[in-house]
1. Here is a check on your reading of the model: is Asn127 open to solvent by 10 Å² or more (accessible area, probe 1.4 Å) and either among the β-branched types (Val, Ile, Thr) or closer than 23 Å to Asp28 by Cβ (or both)?
2. Look through Ser94, Ser89, Ser109 and report the one residue that is farther than 19 Å from Ala26 by Cα, open to solvent by less than 30 Å² (accessible area, probe 1.4 Å) and in contact (Cβ under 8 Å) with a residue 24 or more places away in the chain.
3. Do we find that Lys112 is under 24 Å from Lys126 (Cα atoms), out of contact with any strand residue (DSSP E or B) (no Cβ under 9 Å at 6 or more places or on another chain) and among the charged types (D, E, K, R) in this structure?
4. If I go through the range 130-147 residue by residue, how many of them are touching a residue at least 40 places away in the same chain (Cβ under 8 Å), under 22 Å from Leu215 (Cβ atoms) and not charged (D, E, K, R)?
5. Give me the pairs, please: first residue somewhere in the range 4-19 and farther than 18 Å from Leu237 by Cβ, second residue anywhere and of a type in the set (A, V, I, L, M, F, W, C), beta-carbon distance under 7 Å, and either six or more positions apart or on two chains.
6. Asn158: free of Cβ contacts under 8 Å to residues at least 60 places away in the same chain, open to solvent by 60 Å² or more (accessible area, probe 1.4 Å), part of a loop (DSSP other than H, G, I, E, B) and out of contact with any Leu (no Cβ under 8 Å at 6 or more places or on another chain), yes or no?
7. For the range 44-67, give me the residue count where each residue is among the polar types (S, T, N, Q) and assigned to a strand (DSSP E or B).
8. Taking Glu114 and the conditions (1) farther than 29 Å from Leu245 by Cβ; (2) crowded, with 18+ Cβ neighbours inside 10 Å; (3) of a type in the set (Asp, Glu), which numbered condition does it fall short on, given that it satisfies the others?
Amino acid sequence: MEIKVINSELKNTISHNGKIGLILLATDQITLYEFEAILKDTGVLCFPSRVMMDSVELTPEVLMAIKNELASATNTILPGLTLDVVALSCTSASMTIGEDEVARIIKQSDTKREIKEVTNPYTAIKNACEFLNVNELGVITPYSIEVTQGILDGMEPNIKTISAATFNNPNDNLVPSITPESIKDAVIQMAKDENIKTIFVSCTNLNICRYIDELEEITGKRILTSNQVMAWDILRLANYKKPILGFGSLFKEER
């Protein structure tokens, strides 16, 4: 039988505004769920990989060990193709390993291809605060007190924490099950402090992005979350400037 060779047109129709590598923790249940909603119809498409962890308990030691998995996780994402942005989707791991070290490992993971930009939620919250001219935050996390303190210390001196609260649940398999109602209640309670103008809900594994508009309306405060600011920073780095509705006032500003 003769097999005919047919012609085809080559045209990128699904990620024409950006190919994004997204490195998730093995325990992450929420990032893709929230990114699917935020990035819908933008032409910016995420291609995920995952890093293994020594434990589901997010201690500083477990978070630091993720460093050893970053290069191989990056290299499983569209080998040979240029990536516009690669993001490590973990606020606490990025803080523990160090933003510069995360970027260095990812960019040097394969010298045969280009990775244009690197970000993570820890970098993104700082970038968003600088963009918004915010230098004070209320902070809510699910982490242990030790990891939470590391997040707060790392944002100093440019970003001062006025108030901090944590669900104190280091088990990353359980964090996604913290109900949106619990998170919303925590935000609303913190917002009662008149000195707090902006609240940051830290952790990519918390289910909260779909409720940001509701919380901003209820509290009158600006609400930032890990996945929200990371998506914002990805779009900024990919030079996508159109507003996105439904995920807080941050996306209404021109990037």
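The values are calculated or read from the model by the stated rules, or taken from the named source; none is laboratory data. Here the structure is a predicted model, which is why all the values come from computation and not from measurement. A quick note on method: Cβ atoms are made from the backbone with ideal geometry, for glycine too, and the neighbour counts reach across all protein chains shown. Note: areas computed on protein heavy atoms with side chains; ligands, DNA, RNA excluded. Shrake-Rupley method; radii C 1.70, N 1.55, O 1.52, S 1.80 Å.
1. On the way: open to solvent by 10 Å² or more (accessible area, probe 1.4 Å): yes; either among the β-branched types (Val, Ile, Thr) or closer than 23 Å to Asp28 by Cβ (or both): yes.
So Asn127 passes the test.
2. On the way: Ser94 fails: farther than 19 Å from Ala26 by Cα; Ser89 fails: farther than 19 Å from Ala26 by Cα.
After applying the criteria, what remains is Ser109.
3. When the stated conditions are applied, Lys112 does not pass them.
4. So the answer is 10.
5. Matching pairs, first to second residue: Ile14/Leu45.
6. Numbers: free of Cβ contacts under 8 Å to residues at least 60 places away in the same chain: yes; open to solvent by 60 Å² or more (accessible area, probe 1.4 Å): yes; part of a loop (DSSP other than H, G, I, E, B): yes; out of contact with any Leu (no Cβ under 8 Å at 6 or more places or on another chain): yes.
Here the answer is yes, as Asn158 does meet what is asked.
7. Going through the range 44-67 one residue at a time, the tally reaches 1.
8. Against the list (1) farther than 29 Å from Leu245 by Cβ; (2) crowded, with 18+ Cβ neighbours inside 10 Å; (3) of a type in the set (Asp, Glu), Glu114 comes up short only on (2).
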